[in-house]
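Visitor: Before anything else, here's the structure in question.
The values are calculated or read from the model by the stated rules, or taken from the named source; none is laboratory data. What you see is a predicted model, and the numbers here were worked out from it, not measured in a lab. Reconstructed Cβ throughout: ideal geometry from the backbone, glycine too, with neighbour counts over all protein chains shown. For accessibility, only protein heavy atoms count, side chains too; no ligands or nucleic acids. Shrake-Rupley method; radii C 1.70, N 1.55, O 1.52, S 1.80 Å.
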Amino acid sequence: GNVTTICGDASSVVRQFASKGAKFEFVFVDHSHSYEAVYGVCREVGAVMANGGFCLFHDFNDHRNREADDAEYGVYQAVVEGLDSREFEFYGVYGCAALYRFIAG
């Protein structure tokens, strides 16, 4: 009852929730591996985060992020470049996922 799975473009979904004033204590991002898609959601996700809430990015630590010839993977780079360090603090890597805590709210 406390988990809702939503399929859709993550940036659009985040904007929809933000327009309704929704705030979440936990957001799991696993919608794409491309730099552009992940970067886009990183720029938007702060608008729906509750203060002290966590955001988990799947495939952050996937080895394909480091392979220059694999253009489909850019999760690590997008998260590092897309999240505002004034809003999010790095909390750790767990398996292949990175956990960040929202501190700006």
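Visitor: So residue 50 passes all but one of these: (1) under 13 Å from the mean Cα position of the chain (by Cα); (2) under 14 Å from residue 104 (Cβ atoms). Which condition number does it fail?
Guide: Condition not satisfied by residue 50: (1).
Visitor: Give all pairs with beta carbons closer than 6 Å in which a residue from the stretch 1-26 that is assigned to a loop (DSSP other than H, G, I, E, B) meets a residue that is surrounded by 12 or more Cβ atoms within 10 Å (Cβ to Cβ); count only pairs at least 6 apart in sequence or on separate chains.
Guide: Here the result reads 6/13; 22/48; 23/50, each pair linking the stretch 1-26 to a residue that is surrounded by 12 or more Cβ atoms within 10 Å (Cβ to Cβ).
Visitor: How many residues are surrounded by fewer than 20 Cβ atoms within 10 Å (Cβ to Cβ) and either in contact with a strand residue (DSSP E or B) (Cβ under 7 Å, 6 or more places away or on another chain) or closer than 15 Å to residue 84 by Cβ (or both) if we restrict to the stretch 19-28?
Guide: Filtering the stretch 19-28 for residues surrounded by fewer than 20 Cβ atoms within 10 Å (Cβ to Cβ) gives 19-26, 28.
Remaining after also requiring either in contact with a strand residue (DSSP E or B) (Cβ under 7 Å, 6 or more places away or on another chain) or closer than 15 Å to residue 84 by Cβ (or both): 23-26, 28.
Count: 5.
Visitor: Same structure again: Based on this model, can you work out whether residue 41 counts as modelled with pLDDT of 95 or more, under 23 Å from residue 89 (Cα atoms) and touching a Ser or Thr at 6+ places or on another chain (Cβ under 8 Å)? Walk me through it before giving the result.
Guide: Working: modelled with pLDDT of 95 or more: yes; under 23 Å from residue 89 (Cα atoms): yes; touching a Ser or Thr at 6+ places or on another chain (Cβ under 8 Å): yes.
Yes, satisfied.
Visitor: Any residue in the stretch 29-41 that is closer than 22 Å to residue 3 by Cβ and surrounded by fewer than 16 Cβ atoms within 10 Å (Cβ to Cβ)? Give the derivation first.
Guide: Here is the first cut: in the stretch 29-41, the residues closer than 22 Å to residue 3 by Cβ are 29-32, 38, 41.
Subsequent filtering for residues that are surrounded by fewer than 16 Cβ atoms within 10 Å (Cβ to Cβ) retains 30.
Within the stretch 29-41, one or more residues are closer than 22 Å to residue 3 by Cβ and surrounded by fewer than 16 Cβ atoms within 10 Å (Cβ to Cβ).
Visitor: How many of the residues in the stretch 37-70 are of a type in the set (A, V, I, L, M), touching a residue at least 12 places away in the same chain (Cβ under 8 Å) and not in a helix (DSSP H, G or I)?
Guide: Quick first cut of the stretch 37-70, residues of a type in the set (A, V, I, L, M) only: 37-38, 41, 45, 47-50, 56, 68.
When the remaining residues are screened for being touching a residue at least 12 places away in the same chain (Cβ under 8 Å), the result is 37-38, 41, 45, 47-50, 56.
Cutting the leftovers down to not in a helix (DSSP H, G or I) gives us 49-50, 56.
The qualifying residues number 3.
Visitor: Turning to a different aspect of this structure: Considering only the stretch 90-105, I want to know if a residue exists there that is among the basic types (Lys, Arg), on the phi < 0 side of the Ramachandran plot and out of contact with any strand residue (DSSP E or B) (no Cβ under 6 Å at 6 or more places or on another chain). Quick ask: steps written out before the conclusion?
Guide: Of the stretch 90-105, the ones among the basic types (Lys, Arg) are 101.
Subset that is on the phi < 0 side of the Ramachandran plot: 101.
Right, trim to out of contact with any strand residue (DSSP E or B) (no Cβ under 6 Å at 6 or more places or on another chain) and you get none.
Checked the stretch 90-105: no residue is among the basic types (Lys, Arg), on the phi < 0 side of the Ramachandran plot and out of contact with any strand residue (DSSP E or B) (no Cβ under 6 Å at 6 or more places or on another chain).
Visitor: Those residues that are exposed (fewer than 15 other Cβ atoms within 10 Å of the Cβ) and among the β-branched types (Val, Ile, Thr), I need them from the stretch 67-79; list them, please.
Guide: none
Visitor: Which condition number does residue 13 fail, the rest of (1) under 20 Å from residue 103 (Cβ atoms); (2) of a type in the set (A, V, I, L, M); (3) crowded, with 16+ Cβ neighbours inside 10 Å being met?
Guide: Condition (1) is where residue 13 drops out.
Visitor: Sticking with this structure for a sec: Specify which of the listed residues (86, 64) is open to solvent by 20 Å² or more (accessible area, probe 1.4 Å) and out of contact with any Asp or Glu (no Cβ under 9 Å at 6 or more places or on another chain).
Guide: Numbers: 64 fails: out of contact with any Asp or Glu (no Cβ under 9 Å at 6 or more places or on another chain).
Answer to the check: 86.
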